[in-house]
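Before any comments, here is the structure.
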Amino acid sequence: MRNQDLILVARKCELITAFRDTIGLPGRLSVRLQPNHPTDYPRGIAASIFDGLLYGSGDAVIGINPASDSLSAMRDLYYW
């Protein structure tokens, strides 16, 4: 789909969150950043987050999607 098609489809959808925010209200656009890196390299993930923020994304959620499920990899990403 093109961006214009996504906008037309999203305009017809209504999803109101149960939290105290404006996500889901008409005229609001929210984007999450959930970058990953094939080797969980922290600088690569940070570069992806920075790149997304430069595009104006990440106003809803910024998360990390680790490629590994080991506790040590998650700890390294959290404390980096």
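The values are calculated or read from the model by the stated rules, or taken from the named source; none is laboratory data. What you are looking at is a predicted structure, and each value in this text was computed from that prediction instead of being measured. Heads up, the Cβs are rebuilt from the backbone with ideal geometry, glycines too, and the neighbour counts pull from every protein chain shown.
Structure values in brief
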item	result
Positions within region 19-36 being among the hydrophobic types (A, V, I, L, M, F, W, C) and farther than 16 Å from ILE7 by Cα, in sequence order	PHE19, LEU33
Unmet requirement for GLY44, which otherwise passes all of (1) under 25 Å from ARG11 (Cβ atoms); (2) at pLDDT 85 or above	(1)
Unmet criterion (only one of (1) β-branched (Val, Ile, Thr); (2) touching a Lys or Arg at 6+ places or on another chain (Cβ under 6 Å); (3) in contact (Cβ under 8 Å) with a residue 24 or more places away in the chain) for ILE45	(2)
